[in-house]
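The values are calculated or read from the model by the stated rules, or taken from the named source; none is laboratory data. Since the structure is predicted, the reported quantities are computational estimates derived from the model, not experimental observations. Positions of Cβ are generated from backbone atoms using ideal geometry, with glycine treated the same way; all protein chains shown enter the neighbour counts. Just so you know, the surface numbers come from the protein's heavy atoms only, side chains and all, with ligands and any DNA or RNA stripped out. Shrake-Rupley method; radii C 1.70, N 1.55, O 1.52, S 1.80 Å.
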Amino acid sequence: MDLKDLYRDVILDHNKRPRNLGTLAPPAIGAKGHNPLCGDQLTVYVSLDHGQITDVKFEGSGCAISMASASLMTEAVKGLDTEAFARLHASIHDVLTRHDAEVPAALGKLAALGGVREYPSRVKCASLAWRTLEAAIAGAVSVTTE
Amino acid sequence: MTRTPPYDLAAARADFPILARPIRGKPLVYLDNGASAQRPSAVIEAERRYAEESHANVHRGVHTLSQRATDAFEGARERVRRFLNARSTREIIFTRGTTESINLVAQSYARPRLQAGDEILVTHLEHHANIVPWQMVCDATGARLVVVPINERGEVDPEDVRTRISSRTRLLGVAHVSNALGTVLPVAEIIAIAHHAGVPVLVDGAQAVPHMAIDVQAMDADFYVFSGHKLYGPDGIGILYGRETLLAEMPPWQGGGDMILHVSFERTTYNELPYKFEAGTPHISGAVGLGAALDYVERIGLENIGHWEATLLDYATQRLSGIEGLRIIGTAAHKAGLVSFVVDDVHPHDLGTILDEQGIAIRTGHHCAMPAIEFFKVPATARASFGLYTTLEEIDCLAEAVIAARELFR
């Protein structure tokens, strides 16, 4: 195994210069995620319009894997509807956790997260932003369906 | 300062089979002794021999093996008594570890005595195991947890203990050595202050016992607790030392076999000390292994070990502070056995993974001492903690790997 397989240039770049860093004002929904093992903490904000992600931002602090994963995610999910996000989340989850999972070409830059699966203690770092966005969307849904 | 170990370091390393095992294809550099130390063959063998030659249940049978097991178990208790210089084996309770020892004191000593408005005192640098059990009894009784502050070096000023003690203080819980920062606390002085106000003291010795000789009578501790696995012994075994007069007044914590003299459905008579606090079949082989670990460290000499670790600490402090962008967290004048640090642009968790790839094991995170780490306004630290087998060359490996990690993230 090579460390450069985990810390690929895309990961290092997104860690150093995270995209979509910041907050969104209401009616955008925010959710907090926390990884107690390493102290990663982030908040993901999402604006939804009729089930479509129109904007997403995040803020927080954490290891390079969690920061880069959050940054890459914000780039990838803008414009998706919530069902497409759920499918992408499932696909990322496979890439992060299953040794035999193919890394679909459609993942583009997100494929850089594929090195994480060789480091089981780091999977939670990479999945934090995704689970947090999932929670934000669920919160938005429960709010809008009231 | 001479950089020669006061004992045969190569021979000591050869006593620990795991140190010869490559990790990720590299020689193991084990710098996570603060979390758990490795075991010498003497400990592994003692447990194996016990299982092969002497095992049965203790304090029960009239048969030969039961007597042998009882002798081995009670022999280990006497070994621990000598190690701590306790007055009597009635003051030595076997537990699962430091955490269980503290919970026992919280539930059996503190809880029945606490009333709403009473106070339990702890310091800002405690491990969660010396915070949460007190919070639980506070929640149950309406008592309050009061915190003695630390300074920017991670030290506790005994004067701050004096000023935090009130007429409502019922107990002080204090670490002997901070697991997150390495600070050695002046426990004898702190205990004298607490006793002057009539407050008993529990000392969390988990991080102290591997590095220095302990004399519970000299320090005048009321309770002193530690775990076997940080002292080159087995996991799952620990010690509660308690002053006999206090233990005698305390009700049993758990009920079951071995802690009773007579049971009827109307009334049960509890056993005498120390058995009153040892319900159920104990971890007999763990106690035997712990006894062997104490033999082992005392053969090398805790003073010798402490002396060598002071050299390691000095060297590591000097090597690491020479690295640009590295900040040591916890710079107390008196430290033992470990260095906690952060590196600009490299999160501790990434550092842990990168070092592991080089075969170097360190701890990263909040070290189960979140308040202490948050005091320094960092989310986490990397911690290198030393053992009696740590070499200066291993510190060089650590320093070089940290520099390489910094390069990767530049």
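Among all residue pairs at least 6 apart or on different chains, which show Cβ distances below 7 Å where the first residue, located in the stretch B:249-267, is farther than 22 Å from B:GLY61 by Cα and the second is charged (D, E, K, R)?
Between residues of the stretch B:249-267 that are farther than 22 Å from B:GLY61 by Cα and residues that are charged (D, E, K, R), the close pairs are B:PRO252/B:LYS276.
Can you tell me which of B:ALA221, B:ALA206 is outside any helix (DSSP H, G or I), open to solvent by less than 20 Å² (accessible area, probe 1.4 Å), under 29 Å from B:ILE193 (Cα atoms) and without any contact (Cβ under 8 Å) to a residue 40 or more places away in the chain?
Of B:ALA221, B:ALA206, the one residue that is outside any helix (DSSP H, G or I), open to solvent by less than 20 Å² (accessible area, probe 1.4 Å), under 29 Å from B:ILE193 (Cα atoms) and without any contact (Cβ under 8 Å) to a residue 40 or more places away in the chain is B:ALA221.
Has the stretch B:378-388 got any residue that is crowded, with 19+ Cβ neighbours inside 10 Å, within 27 Å of B:LEU19 (Cα to Cα) and over 23 Å from the mean Cα position of the chain (by Cα)?
There is no residue in the stretch B:378-388 that is crowded, with 19+ Cβ neighbours inside 10 Å, within 27 Å of B:LEU19 (Cα to Cα) and over 23 Å from the mean Cα position of the chain (by Cα).
Can you tell me which residues in the stretch A:91-111 are open to solvent by 50 Å² or more (accessible area, probe 1.4 Å) and more than 16 Å from A:GLU134 (Cβ to Cβ)?
A:ARG98, A:HIS99, A:ASP100, A:GLU102, A:VAL103, A:PRO104, A:ALA105, A:ALA106, A:LYS109
Any residue in the stretch B:19-29 that is in a loop (DSSP other than H, G, I, E, B), open to solvent by 80 Å² or more (accessible area, probe 1.4 Å) and over 30 Å from B:LEU351 (Cα atoms)?
Taking every residue of the stretch B:19-29 in turn, none turns out to be in a loop (DSSP other than H, G, I, E, B), open to solvent by 80 Å² or more (accessible area, probe 1.4 Å) and over 30 Å from B:LEU351 (Cα atoms).
Restricting to the stretch B:299-309, what's the tally of residues that are touching a residue at least 24 places away in the same chain (Cβ under 8 Å) and over 17 Å from the mean Cα position of the chain (by Cα)?
Selection size over the stretch B:299-309: 6.
I'd like to check which helices (runs of 4 or more DSSP H) are fully inside the stretch B:279-369 and have at least 3 residues that are within 14 Å of another protein chain (Cβ to nearest Cβ) and open to solvent by less than 20 Å² (accessible area, probe 1.4 Å).
Result: B:348-357.
Residues checked against (1) in contact (Cβ under 8 Å) with a residue 40 or more places away in the chain; (2) more than 13 Å from the chain's Cα centre (by Cα):
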{"residue": "A:LYS32", "(1), (2)": "yes, no"}
{"residue": "A:VAL44", "(1), (2)": "yes, no"}
{"residue": "A:SER71", "(1), (2)": "yes, no"}
{"residue": "A:GLY79", "(1), (2)": "no, yes"}
{"residue": "A:LEU96", "(1), (2)": "no, no"}
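Quickly run through the stretch B:268-287 and pick out the residues that are aliphatic (A, V, I, L, M) and either in contact with a Ser or Thr (Cβ under 8 Å, 6 or more places away or on another chain) or free of Cβ contacts under 8 Å to residues at least 40 places away in the same chain (or both).
B:ALA279
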